[in-house]
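Quick note: the coordinates plus some simple rules give every number you see, no bench work behind them. Note that the structure is predicted; figures quoted are calculated from it, not measured. Note that we place each Cβ from the backbone using ideal geometry, even for glycine, and neighbour counts take in every protein chain shown.
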Amino acid sequence: MFEARLTQGGLLKKLVEAVKDLVTDGNFEATEAGISLQAMDTSHVCLVALQLRGDGFENFRCDRNVTLGIQLANLSKLLKCAGNDDIITLKADDQPDVITMTFEDPKTERFADFSLKLMDIDSEHLGIPETEYSATIRMPSAEYARICKDLSSIGETVAISATKEGVKFSTSGDVGTANITVRSNTAADLKPEQQTTVELGEPVALTFALRYLNSFAKAASLASQVQLSMTKDLPVVVEFTISDMGHLKFYLAPKIDEDEDMGDEVGES
Amino acid sequence: MFEARLTQGGLLKKLVEAVKDLVTDGNFEATEAGISLQAMDTSHVCLVALQLRGDGFENFRCDRNVTLGIQLANLSKLLKCAGNDDIITLKADDQPDVITMTFEDPKTERFADFSLKLMDIDSEHLGIPETEYSATIRMPSAEYARICKDLSSIGETVAISATKEGVKFSTSGDVGTANITVRSNTAADLKPEQQTTVELGEPVALTFALRYLNSFAKAASLASQVQLSMTKDLPVVVEFTISDMGHLKFYLAPKIDEDEDMGDEVGES
Amino acid sequence: MFEARLTQGGLLKKLVEAVKDLVTDGNFEATEAGISLQAMDTSHVCLVALQLRGDGFENFRCDRNVTLGIQLANLSKLLKCAGNDDIITLKADDQPDVITMTFEDPKTERFADFSLKLMDIDSEHLGIPETEYSATIRMPSAEYARICKDLSSIGETVAISATKEGVKFSTSGDVGTANITVRSNTAADLKPEQQTTVELGEPVALTFALRYLNSFAKAASLASQVQLSMTKDLPVVVEFTISDMGHLKFYLAPKIDEDEDMGDEVGES
């Protein structure tokens with residue numbers, strides 16, 4: 001028996017919207033500890049890793065480990081029927097064919113239940129080695145989203161370079177060139193979520209496909225800050241913290257001379 | 001000479017928007033009593049019946065009965081030129097080729113007049129027998145609209161079942177199944193327009209094409225409540241009251257084993 | 001060296017949005033006096049003339065006259081990356097290949113710079129003779145925009161007639177006919193930007209292609225009032241004042257019996 005009750009249903013809606021264009025289907029793993037998802041995007045270029053701790057739910061119970069193979073487009077359809085303030089409860093048997101979801105609007109006498117068919121999905125679990133990153137940038141997620149969107153209209157790749165002074169995003173295309181710089185800023189009158197900080201072992205500059213960074217920006221609604229962790233020749237980690245519950249991380253290999261499959265970079269387990 | 005002056009022009013705009021996708025053209029009948037329209041939708045599945053009493057207009061005069069054959073897409077185009085707070089006056093001769101409309105913005109020195117060509121439209125007037133319904137549901141029209149929209153993304157038909165406790169909408173499709181229940185609720189702290197009530201002779205459950213119920217929901221902007229009247233094997237009546245003026249009713253036959261033409265259900269006169 | 005610093009970056013964004021659908025590319029001429037652009041639209045029917053005085057900028061410096069050949073679609077792409085409250089600085093060499101733009105958000109530590117490739121564009125400068133107009137209409141630009149949009153859904157041309165009482169816009173099409181009248185109104189309780197005035201030498205009525213008048217209406221975001229200057233057989237001038245800086249004018253020849261090329265009307269220099 002698996003059962004998880006989430007007071008802030010809007011969170012689940014945002015999570016699914018954030019990853020559904022990258023990942024068409026994936027295995028959600030429910031254990032005593034919580035729910036996790038790890039999946040490559042459809043073009044096998046980037047990796048999505050989601051972790052929701054059980055203690056972040058209002059109620060969480062998972063008697064046996066369960067794998068829930070879900071088509072995200074379908075899950076998204078059902079979650080569109082939930083209000084942002086609905087209480088969402090997920091349930092599944094120990095060997096489930098379906099996952100059931102109930103949506104309760106605490107303010108009205110409306111009550112909805114849905115059952116979603118589960119699928120068998122082949123997937124490998126990638127082991128992601130612990131890494132000390134050369135540079136860790138924290139910045140407002142809305143600023144990150146805006147920069148990725150703005151630069152996408154000009155070029156296809158972006159060079160991100162982190163220095164002590166801040167972080168610079170550069171691109172070029174047929175139209176011309178663009179550089180956007182966000183300086184480190186921890187002024188006392190700034191709210192924590194408006195600050196920009198760069199923790200730097202050594203300066204690092206890497207180039208990425210804007211298309212993916214732009215996709216990751218859909219998660220900006222989940223967290224007011226985003227963290228970019230970079231080391232030369234390693235995938236960047238774009239991380240959104242889900243407050244009191246866990247995180248959503250995206251891994252994307254940098255562009256070298258030619259495109260490379262990310263599998264090599266991350267190392268399969 | 002026919003002349004009708006309506007202070008709340010936005011009402012006419014909403015009415016036309018509510019029916020124009022179902023009904024491409026129709027005969028508006030103007031009599032001493034008011035204006036009415038009865039028309040089958042283009043696929044001859046459902047029936048639209050509109051009644052606006054003359055005493056609901058600021059001025060209303062109709063010396064002789066006039067039939068105004070109107071293409072609703074054209075009327076909609078012209079009404080898009082009226083503001084929501086414009087005063088709209090309709091005029092036609094006793095044997096009209098055109099209907100003229102004037103739009104006055106009471107706050108500015110703007111004045112617009114339009115003439116719309118009339119058409120000869122073949123139509124039969126269907127006699128709708130008076131019926132005692134087994135169940136009459138009243139609920140917020142916004143809730144009705146949301147349920148129809150939500151379920152449309154999952155299935156093609158909806159089973160509506162009315163019991164003393166409330167009303168349940170159920171559908172299923174490739175994705176899975178869904179049930180949305182709205183319980184009867186007349187709590188003292190609810191505004192009348194937020195209440196849900198079920199008047200029940202006997203419990204009844206009928207199945208309908210969601211596509212049509214969804215179309216009817218466009219009229220939710222006309223009234224804060226919708227009334228669904230159901231009896232086994234008879235068309236449901238989905239009714240929106242137009243305050244102090246009349247009503248807009250939609251009739252839709254339930255799904256039996258196979259689709260049936262609604263003409264049979266309503267009985268032509 | 002050319003350098004111009006504009007505190008209200010939103011103005012430049014609106015200007016480019018207002019003309020970019022009419023004019024695909026044009027030569028911006030920078031001189032000591034300011035920046036100007038004159039260009040025919042792509043179908044060579046109407047003329048766009050923009051003037052921004054140097055003293056309207058926070059800083060303005062132009063050592064030598066420079067011609068900046070710019071594809072407006074590309075400029076628009078880059079300006080989409082500027083916030084409405086950004087300070088925009090334009091820079092170019094004396095014989096430039098590119099124009100550089102910097103966008104500064106005065107409230108954050110964000111700083112963006114862009115370089116846009118310039119083009120060689122063939123263009124003739126048309127001499128526009130000074131004219132005494134028979135009628136000069138001033139009206140709220142939002143009202144002008146709404147009338148053009150409303151009438152576009154009904155007909156393809158509009159007759160504009162100016163009398164002492166006000167101005168009337170008329171069209172007709174398959175659907176029917178429409179007349180919208182705005183009366184002169186300078187009532188004391190109206191704000192200046194809400195007033196409508198007609199200065200009249202003699203009454204004048206001219207017919208124009210709605211499509212172009214509708215395009216000009218995109219400039220309504222630049223100014224709360226628009227001025228229409230009309231004389232029989234001459235192009236109308238649709239003028240938006242850019243406060244403290246200059247103006248954006250559109251010239252459009254009236255419809256005579258058959259369409260005529262506007263070049264004849266304006267007279268090439």
**Item:** Table column - 3J(HN,Hα) (Hz), the stretch C:96-113, Karplus curve with 6.51, -1.76, 1.60, x for Gly and Pro
**Value:** x, 9, 9, 10, 9, 10, 10, 10, 10, 8, x, 9, 10, 8, 9, 8, 10, 10
**Asked** In the stretch A:2-117, with Lys and Arg counted as +1 and Asp and Glu as -1 at Cβ, which of these residues, A:Gly54, A:Met40, A:Phe111, has the Cα nearest the positive end of the dipole, that is, farthest along it?
**Response** A:Met40
**Prompt:** Under the definition of partner shielding as Cβ atoms of other protein chains within 10 Å of a residue Cβ, what is the mean value for peptide B:68-78?
**Reply:** 2
**Asked** Taking the Cα centre of each part, how many Å lie between the stretch C:125-157 and the stretch A:13-57?
**Response** 56 Å
**Message:** Please compare each pair in B:Lys77/B:Lys249; A:Lys20/A:Lys255; A:Lys218/B:Lys149; B:Lys232/B:Lys255 to a cut-off of 20 Å on the Cα-Cα distance and tell me which ones are over it.
**Reply:** B:Lys77/B:Lys249; A:Lys20/A:Lys255; A:Lys218/B:Lys149
**Prompt:** Can you list, shortest first and in nm, the gaps between the label point of A:Arg64 and those of its counterparts in the other copies, using a point 7 Å from Cα in the C-beta direction?
**Reply:** 8.4, 8.4
**Fill in**
Expressed in µm² per second, the diffusion coefficient of the protein assembly as shown from the Stokes-Einstein equation, with Rh the Kirkwood radius over alpha carbon pairs, at 37 °C and 0.692 mPa s, is 104 µm²/s
**Asked** Taking the simple approach of a point 7 Å from Cα along Cα-to-Cβ for both A:Arg53 and A:Arg5, what is their distance in nm?
**Response** 2.1 nm
**Complete:** With +1 at each Lys and Arg Cβ and -1 at each Asp and Glu Cβ, the charge dipole magnitude of the stretch A:32-118 around its Cα centre, to the nearest 20 debye, comes out at 260 debye
**Message:** Once you keep just the Cα pairs under 8 angstrom separated by 6 or more residues, what percentage relative contact order results for chain A?
**Reply:** 21 percent
**Item:** Per-copy distances of the C:Ser76 label point, shortest first, in nm (7 angstrom along Cα→Cβ)
**Value:** 2.8, 2.8
**Prompt:** Residue farthest toward the positive end of the dipole of the stretch A:135-268, with Cβ of Lys/Arg at +1 and Asp/Glu at -1: which of A:Ala142, A:Ser229, A:Thr207?
**Reply:** A:Ala142
**Message:** Quick check: net charge around A:Leu68, other residues with Cβ under 13 Å of its Cβ, Lys/Arg +1 and Asp/Glu -1?
**Reply:** -4
**Request:** Determine the dipole magnitude for chain C: charges of +1 sit on the beta-carbon of Lys and Arg, -1 on that of Asp and Glu, nothing else is charged, the reference point is the Cα centre, and the result goes in debye to the nearest 20.
**Result:** 1080 debye
**Message:** Give me the net charge for the shell around C:Asp55: Cβ to Cβ below 14 angstrom, other residues only, Lys and Arg +1, Asp and Glu -1.
**Reply:** 0
**Message:** Label position 7 Å from Cα toward Cβ: report the copy-to-copy distances for B:Pro203 in nm, one decimal, ordered from shortest.
**Reply:** 7.6, 7.6
**Complete:** With the charge dipole of the stretch C:135-268 built from beta-carbon charges (+1 for Lys and Arg, -1 for Asp and Glu) about the Cα centre, the Cα from C:Ala178, C:Leu190, C:Ser243 projecting farthest to the positive end belongs to C:Leu190
**Fill in**
With +1 on the Cβ of every Lys and Arg and -1 on the Cβ of every Asp and Glu, the dipole magnitude of the protein assembly as shown about its Cα centre, in debye rounded to the nearest 20, is 2060 debye
**Asked** What average count of beta carbons from other chains do you get within 10 Å of the Cβ of residues in A:173-184?
**Response** 6
**Request:** Would you calculate a helix-derived [θ] at 222 nm for the protein assembly as shown, using -39,500 (n - 2.57) for each DSSP H run of n ≥ 4 and dividing by the full residue count, to the nearest 500?
**Result:** -4500 deg cm²/dmol
**Prompt:** Between B:Gln95 and A:Asp120, what is the label-to-label distance in nm when each label sits 7 Å out along the Cα-to-Cβ direction?
**Reply:** 7.8 nm
**Asked** What is the local net charge at B:Thr177, summed over the other residues whose Cβ is closer than 11 Å to its Cβ (Lys, Arg +1; Asp, Glu -1)?
**Response** -1
